[in-house]
Amino acid sequence: MKEISIEDDSVILKVNPRLYPLEVIYSAAYVFLDRAYVLLDGDPKKEIIVKLKPKKEENLEKLGGEFFNELINYADYNKRAKET
């Protein structure tokens, strides 16, 4: 299954909530608020759909990849925060 798809002027990301809990997705989305309009949809138990529509010209595939990097960043942050 492809995790990143491009539709018109937006990038659509499919996120597995078992790997990235909703609070991690919210944290990653917050980082992108200055660069893109962020829409979240889906079933929090099965799959979260993230749509990023850039506010100015951007490489959509790169934008999607950066979002997934932020997911990893915040997943690690949350894990470490729970450990301490």
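Values as computed for the structure displayed
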{"read-out": "Check on GLU57, assigned to a loop (DSSP other than H, G, I, E, B), within 19 Å of ILE6 (Cβ to Cβ) and either at pLDDT 95 or above or open to solvent by less than 100 Å² (accessible area, probe 1.4 Å) (or both)", "value": "yes"}
{"read-out": "Restricting segment 1-53 to residues that are hydroxyl-bearing (Ser, Thr, Tyr) and in a helix (DSSP H, G or I), the residue that is most open to solvent (accessible area, probe 1.4 Å)", "value": "TYR30"}
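The values are calculated or read from the model by the stated rules, or taken from the named source; none is laboratory data. Since the model is a prediction, treat every value here as computed from it, not as a measurement. A quick note on method: Cβ atoms are made from the backbone with ideal geometry, for glycine too, and the neighbour counts reach across all protein chains shown. Heavy atoms of the whole protein, side chains included, go into the accessibility calculation; ligands, DNA and RNA do not. Shrake-Rupley method; radii C 1.70, N 1.55, O 1.52, S 1.80 Å.
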